[in-house]
Amino acid sequence: MPFLQVSNLSLRIIGETPRLLRSVSLSVGAGEVRALVGESGAGKSMIGKAILGILPRAVEVVEGEVWLDGQNLLAMPPMARRRIIGAKAALIPQDPLTALNPSRRIGPQITDRLVHILGWDRARAESRALALLEEVQITDPARVMRAYPHELSGGMRQRILIASAFAAEPKLIVADEPTTALDVTVQKQILRLIKGMQERHGTALLFVTHDLGVVSKVCQSLSVLYAGMVVEDAPVRDFFAAPRHAYSRALLAATPKYTDPEGSLTPVPQTVMDAVRAEVAAADGVWHG
Amino acid sequence: MVDLTDGRGRVRRRAGVRLWLSGLWLGLLVVVALLAPWIAPKDPLAQDLFLGRLPPFWVAGSEPGYWLGTDSLGRDVLSRIMHGARIALLVALIAGTVTGLLGATLGLLAGFLRGWVDVVISRMIDIWMAFPPVLFSILLIAVLGPGLTSIIIAIVVIDWTRFARVIRAEAMAQGAMDYVASSRVAGRGRLGTMVEEILPNVLPTIVVLLTLEMGIAVIVEAILSFVNLSISTDDPTWGGMIAEGRSAIHQSWWVLVFPLATLFLTVLSFSQLGEGLKDRFDPVLR
Amino acid sequence: MADLYTVQNLRLSLADMTAKPLFGAAPRIEILRDLSFSLPKGEVAGIVGGSGSGKSTLGRALVRLLEPSGGSIRFDGTDITHLDDAALRPLRRRFQMIFQDPMSSLNPRHTVGRLIGSPLALHGFEGIQGRVGRALDHVGLPRGFAARYPHELSGGQRQRVGIARAIAMEPEFILADEIVSGLDVSSQAQVLALLEGLVRELGLTLAFISHDLSVIRRLCRRVIVLHRGEIVEDRATAELFANPQAEYTRDLLAAIPLPDPDQVWA
């Protein structure tokens, strides 16, 4: 079994009929990088949240399984689940501005997790944090450990969040649009950093993004989502050579590509949208009659 | 799209009940206040020493007709509460509205126009807030002399800062939004933008503050009556009744408890009404 | 063709409130340093740069949401550098702006009809209802949307309302500030195609601010590259992509992740 296996996962808002996720299945093998691609509202972040056990309270699991390292997370009591996830998985969040507590120094924000979840002593946690800050190419780690978030730039903060995600040597990292808020030049540095760390540590990575350009640089496989449904699941090379699903093709044609000004940024044809909506409705018909 | 982060759906359903209950209580109070002279069972000022300290109707020794008992002078507690509602609501309505208008206007001007207008108004707020409000009001009443008008003036003069501070901060936050820039691109003047664009967006906050302020006005009036600085001591007020009831708490608890409970329910209803109205009529939340 | 905008030695500095001492004035930061360029009538120019490059500040100076601290901006022969609100008012109809975040730039308390119509009323247009309807037609929204509130629309629809509001004023110039950066790729492509068509149909002069060179290449004939408040490159789009001169432009191009696994991206 792959390291992470999501099977037929369906979610909905408590008390409402339409599903947020429609029987989603996907897997991430050890050390694999899989992209989760979709437009806003497609449910891609929701999958990441379900895996990390941080779904909003108003959302419930209708059916499905989430297997992490051979254990079915959804069948576990909450405390045991939290311990497993804390030890084996981590998150690189989207917004480096709000993901760090503005009134605490950087150091403890990285080491807390090591001390509280893994039971390390403070000195060991601190030397680990220093080493990680060095690994994410922060020049004066000792000074940054004592700094407050507002004293650092957006790119710096994103590096710290990456260091923090890798701190407990997780086997799986969910990266939720980690470079959306950054300039392209900084984005490039950060993406290469994540990719390099992922390779060195052999971590599996679930990379949530809306940007197919980023997917082609960082990932090995991808799942394309529309309205909470996986419409295509393919290796990256095959996908970019020839996407199978009409919606995926339209999405790729709509993606900006300055080397091909005529062939890119093509509006998604209405027929394609109608067809994929009909597909979703057909799937709903099976469940709701 | 549904907001998944805070389960607002459930909060809203409770807001409906809240609005309904608080509205019911306040509506009842308004009717009672308007019709008090005709529907009060007894004359609130009539004394009868033979009927002093009668307990409420369910306690042994009560007299029919005196539902909530009588005080030490034999005056009917229920009738006095009903007549007291007149003054309480009058103060709430007038003082609340005037305070709200004054404070919100100054807050809007300071927060949106900024510059020297803001400097002047903000300094005034700072200075005002440094006075202890209860002492300030007692001082004011001492200067103005007791009476309904004095109480209202005292509440307005002291409490406008409550509005001004909050509305100023809101107006500043709204002023940074692009729809304000857009209004300027369209060529609208500063005051026009303030009224057309900012005001509708701070209105829900003003409504909430307004209802809170009405509750506060009821309390302030009660406090001033309690320290005997309100209107003439003959007219029944809730604060006056609480003051009188306090001295006789061991002999006749009902003289204290009933006006106190009425006061509590009224203030609570005002604040719940504001929150409920905001949730109900805010198009952005809906 | 005559120039619609002439910008000479433009400087703009803002007070840095984060570094304000307890007493005394806040220090000023130079956002724009000595910019000169002109926009001929009918030009479609892209202004590109990273965060902190000053591109949005430049845009806001062009439509006089900000007052320059030095140099001059002439709009169709009139010096608008230091005009006050009253003097600007009659000119405002002629240069309009579409904002980055339609959620923040559309007043949540107003209906779409009022959002588009009330600026028209302000400038004495007649037959406002008809004009609002035609503006909605232009951007491909049903006329019934006039009765809706912004929060009832999708991101792409909101941005169409922003465009409708700008073109309803029949301006000569439109400033579009990162108008597609918050949108999904599918709506992004639609909104760009829409804008492209409108600019051609209405003969507008457009300044299109973006951080995304791919988007600019599609839409603009000319690119102004801004870096730390200075123009580092200002050339025809085709030339710039064929042979970028400034080092910053080259870095910017090299950093764009193309949707192509074979791109050399190191």
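Computed from the coordinates by the stated procedures, all read-outs in this text should not be read as laboratory data. Since the model is a prediction, treat every value here as computed from it, not as a measurement. Glycine also receives a Cβ, built like all others from the backbone with ideal geometry; neighbour counts cover every protein chain displayed.
Would you please give the FRET efficiency between C:ASP34 and C:ARG89, computed as 1/(1 + (r/R0)^6) with r the Cβ-Cβ distance and R0 = 25 Å, to the nearest 0.05?
Efficiency computed from Cβ-Cβ geometry: 0.25.
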Counting other Cβ atoms within 10 Å, which trypsin sites (Lys or Arg not before Pro) in the stretch C:208-237 have at most 15 and lie in a DSSP loop?
-> C:ARG221, C:ARG228
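Among DSSP beta bridges whose residues both lie in chain C, state the antiparallel percentage, nearest 5. If you can, show how the numbers build up before the last one.
Working: 22 of 40 bridges.
If I count the DSSP bridges inside chain C, around 55 percent turn out antiparallel.
Using DSSP to call loops (not H, G, I, E or B), can you name the chymotrypsin sites (Phe, Trp or Tyr not before Pro) in the stretch C:1-103 whose Cβ has at most 11 other Cβ atoms within 10 angstrom?
Listed in order of number, the matching sites are C:PHE23.
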Difference of contour (0.36 nm per residue) and Cα-Cα distance, A:HIS150 to A:ARG277 | 41.3 nm
Calculate the radius of gyration of the Cα atoms of the stretch B:8-281 to one decimal place, then report Dmax, the largest Cα-Cα distance, as a whole number, both in Å.
-> 22.1, 78
How far is it, in nm, from the label point at B:VAL31 to the one at B:TRP116 when both lie 7 Å from their Cα along the line to the Cβ?
-> 5.6
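In this model, which of A:LYS49/C:LYS55; C:LYS20/C:LYS55; A:LYS44/A:LYS257 are farther than 27 Å apart at the alpha-carbon? Let's see the in-between values first.
Working: A:LYS49/C:LYS55 36 Å; C:LYS20/C:LYS55 24 Å; A:LYS44/A:LYS257 23 Å.
A:LYS49/C:LYS55, as the Cα separations exceed 27 Å there.
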Exposure proxy check on C:THR111, A:THR111: fewest-to-most Cβ neighbours within 10 Å is C:THR111, A:THR111
Of the DSSP H helices in chain B, the ones reaching 18 Å or more along their long axis in Cα terms and averaging at least -0.5 in Kyte-Doolittle hydropathy are B:8-39, B:77-113, B:115-129, B:148-175, B:199-226, B:253-281
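Let me spell out the model: positive unit charges on the Cβ of Lys and Arg, negative unit charges on the Cβ of Asp and Glu, origin at the Cα centre of the stretch A:2-87. What dipole size does that give, in debye rounded to 20? Kindly include the intermediate steps, with their values, before the conclusion.
Values: 10 positive and 7 negative charges, 44 e Å.
Charge dipole of the stretch A:2-87: 220 debye, to the nearest 20.
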Select from A:GLY31, A:VAL268, B:ALA181 the residue farthest towards the positive end of the dipole of the protein assembly as shown; place +1 on Cβ of Lys and Arg, -1 on Cβ of Asp and Glu, and compute about the Cα centre.
-> A:GLY31
Mean shadow area of the protein assembly as shown, taken as a quarter of the surface of its Cα convex hull (nm²) = 44.7
Simple label model, 7 Å out from Cα along Cβ direction - C:SER51 to B:ASP43, nm = 7.7
Divide, for chain C, the radius of gyration over alpha carbons by 2.2 N^0.38 Å, where N is the residue count.
-> 1.04
For the protein assembly as shown, what is the percent of antiparallel DSSP beta bridges, rounded to the nearest 5?
-> 55
Quick calc, the protein assembly as shown, dipole around Cα centre from Cβ unit charges on Lys, Arg (+) and Asp, Glu (-), nearest 20 debye, gives 440
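Which trypsin sites (Lys or Arg not before Pro) in the stretch C:20-62 sit in a loop by DSSP (not H, G, I, E or B) and have at most 15 other Cβ atoms within 10 Å of their own Cβ? List each step's numbers first, then the result.
Values: sites: C:ARG28, C:ARG33, C:LYS41, C:LYS55, C:ARG60; in loops: C:LYS41.
Passing both the DSSP loop test and the Cβ count: C:LYS41.
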Among DSSP beta bridges whose residues both lie in the stretch A:4-288, state the antiparallel percentage, nearest 5.
-> 55
Of the candidates A:PRO149, A:ALA129, A:THR185, the farthest towards the positive dipole end of the stretch A:72-198 (Lys/Arg Cβ +1, Asp/Glu Cβ -1, centred on the Cα centre) is A:ALA129
Taking r as the C-beta separation of C:VAL264 and A:ASP95 and R0 as 45 Å, the FRET efficiency to the nearest 0.05 is 0.90
Using +1 at the Cβ of each Lys and Arg and -1 at the Cβ of each Asp and Glu in the stretch A:4-288, identify which of A:GLY202, A:ILE117, A:GLY64 lies farthest towards the dipole's positive end.
-> A:ILE117
Size of the stretch A:4-288 along its principal axes in angstrom, Cα-based, largest extent first?
-> 59, 50, 32
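Set the Förster radius R0 to 56 Å, insert the Cβ-Cβ distance between B:VAL59 and C:HIS151 as r into 1/(1 + (r/R0)^6), and round the FRET efficiency to 0.05. Display every interim value, and only then the final one.
Values: r = 56 Å, r/R0 = 1.00.
Efficiency for this residue pair is about 0.50.
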With +1 on the Cβ of every Lys and Arg and -1 on the Cβ of every Asp and Glu, the dipole magnitude of the stretch A:4-288 about its Cα centre, in debye rounded to the nearest 20, is 800
